[in-house]
Structure formats: structure tokens, C-alpha cells
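Engineer: The structure follows.
Just so you know, all these numbers are worked out from the coordinates, no wet-lab data involved. Fair warning: this is a prediction, and the values are worked out from it, not measured in the lab. Neighbour counts are summed over all protein chains in view; Cβ atoms, including those assigned to glycine, are modelled from backbone coordinates with ideal geometry.
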Amino acid sequence: MRYKIILEYNGAGLIGFQKNRHGDSVQSLVEEAVFKFSGQTVEVVPCGRTDAGVHALAMPAHFDLMNNEKLTMNNEVIKRALNFYLTDFPVSVVSCEEVADDWHARFGCKMRRYKYVIANQDFPPVLDGDFAWWVPQPLNVGAMRDAAARLLGEHDFSSFRAAECQAKSPVKTLDEARITNHESRITIEFCARSFLYHQVRNMVGTLVEIGRGKPLNLDAILDARDRAAAGPTAPACGLFFIGAEY
């Protein structure tokens, strides 16, 4: 039986989604929770692999369980069991549902949505410092919006691609780049079928430089196809995976 789960997590104390030997990851924690309640070793496959420090409000993932007459394997029981074993960790299962055997969290996804939160104020954010990038200098949100509009559509995003990116092509289509601000919080939302490694954080870092008044031209940056032409990589703390469409 294949199960789709939606995960919410605080990435501040995690090494990212993907498991490795260097600490707790979302994947390792959820797989361990599945093993503890079912006795089965599974692979939890996510919609996307977030980096260390990146958060999620609604990350889809799937795993397969063998039928077991000794266990009641319905959606609510699985959800509650997973959350019981995840109680001491910054990961929660928001929902669980049985899906078709060929449903795939990663390859079946048609659209991914991220948001980035900036604390634009002259004092450090105390209550949500792990969930926003503190930028004390005043930002020109109008200039940032104008620049973000130039990112929409299909482009070669090599200038916003991390050196470690393993994607076969740097060409992506950005469907949405929306910037809103309320009091001291600036939120940037991006929507696309897929993103390059660090693409969102590199776009945010560039937009913030423009908001600070740096004379960067997005068309020239895109045409350069050179990571050095764009701005710095924004820190992970302000980035959230907020949803996916199938």
C-alpha cells in the first residue's frame, strides 16, 4: 500500500530533508517513526529536497507499507502513530492518505511553491529569528517588484544556479514571482514546476541587493549565464516550502 503524507517541519535544527550521516534529517526521522510503529524499513520520497535550515508548511511525500494483519493500517492510525514517534522532533504529519501504487511525490508534481520571509527592520527579530532573514537597511519594495517581474517566464537561470546543481538543464519556467509587504515583513513567493539548486535563495539575494539600491539589471544577469553576475545567496532561515500541485 502506498501512502501520501503532508509534512510540516522546522528546519532550523535539521540537516535538510535528505538523510546522511551528519545528523537528523526529515527523511531519517520519518523513516525511523514508520519503523517504530510498523517494524518495516521504508524509503520516504519527498516532493523536493530542502536544505539545512529550510522549513516546510506542506511538503508532500510518499512511502510503501506491506499489509500486516497485526496492525490497523488506516490513514488516521498511521498519522497518529507517526506523530507519536515524532513528538520530540520538529516534524509533524499534517495528513495521511492511501494513494495509487503509481502515485509519486516527486515525479508526479506539476507545480511547487516556495515563500521567502524578510524581516526588514532596524532591530534583530527575536521571536521569529529562525524564520526570517534580518535585513536592517530599508528596502525599496517597488524596485524589487519590478525586478522580480523580469524573472517570469522561461529563461536560462544559470546565473541563479549553485555550482553543486546536478540538473541536466538550467532552463526553467518561473510561473509566479509575487512580493507583498506588511509592516516590517516582506514576503516573496515563487511558483514553478521545478527549481535549480539554490535558485530561490539566489533570486532572493539578488532582489534584496536591488532593494538596497544596487544598480543590477535582471535582463543582463540572465543573459550573462554566470553565477557571479547575480547577488549573494540568501540565508536558509527565511525559506519555506509551502505547497505542491499534482
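Engineer: Looking at region 8-33, which of its residues are under 22 Å from Gly129 (Cα atoms) and not small (Gly, Ala, Ser)?
Structural biologist: Glu8, Tyr9, Asn10, Leu14, Ile15, Phe17, Asp24, Val26
Engineer: Out of Ala132, Ala119, Ala148, Ala143, I need the residue that is crowded, with 18+ Cβ neighbours inside 10 Å and within 13 Å of Leu207 (Cβ to Cβ). Which one?
Structural biologist: Going through Ala132, Ala119, Ala148, Ala143 in turn, the sole match is Ala148.
Engineer: Regarding region 214-230, can at least one residue be identified that is assigned to a loop (DSSP other than H, G, I, E, B), in contact (Cβ under 8 Å) with a residue 12 or more places away in the chain, on the phi < 0 side of the Ramachandran plot and of a type in the set (Lys, Arg)?
Structural biologist: Among the residues of region 214-230, at least one is assigned to a loop (DSSP other than H, G, I, E, B), in contact (Cβ under 8 Å) with a residue 12 or more places away in the chain, on the phi < 0 side of the Ramachandran plot and of a type in the set (Lys, Arg), which makes the answer yes.
Engineer: Of everything in region 56-84, what is within 24 Å of the chain's Cα centre (by Cα) and crowded, with 19+ Cβ neighbours inside 10 Å? Give them in sequence order.
Structural biologist: If the condition is that a residue be within 24 Å of the chain's Cα centre (by Cα) and crowded, with 19+ Cβ neighbours inside 10 Å, then Ala56, Met59, Pro60, Ala61, His62, Phe63, Lys79, Leu82 are the ones that fit.
Engineer: Quick check on my filter: what residues within region 10-51 are crowded, with 21+ Cβ neighbours inside 10 Å and touching a Ser or Thr at 6+ places or on another chain (Cβ under 7 Å)?
Structural biologist: Gly11, Leu14, Phe17, listed by residue number.
Engineer: In region 78-99, which residues are closer than 20 Å to Gly243 by Cα, in contact with a Lys or Arg (Cβ under 6 Å, 6 or more places away or on another chain) and not in a strand (DSSP E or B)?
Structural biologist: None; the set is empty.
Engineer: Looking at region 170-195 only, could you name the residues that are part of a loop (DSSP other than H, G, I, E, B), in contact (Cβ under 8 Å) with a residue 24 or more places away in the chain and surrounded by fewer than 17 Cβ atoms within 10 Å (Cβ to Cβ)?
Structural biologist: If the condition is that a residue be part of a loop (DSSP other than H, G, I, E, B), in contact (Cβ under 8 Å) with a residue 24 or more places away in the chain and surrounded by fewer than 17 Cβ atoms within 10 Å (Cβ to Cβ), then Pro170, Ser184, Arg193, Ser194 are the ones that fit.
Engineer: Now a separate question. Can you tell me which residue is farthest from Gly48 (Cα to Cα) among those in region 100-145 that are part of a loop (DSSP other than H, G, I, E, B) and among the basic types (Lys, Arg)?
Structural biologist: That would be Lys110.
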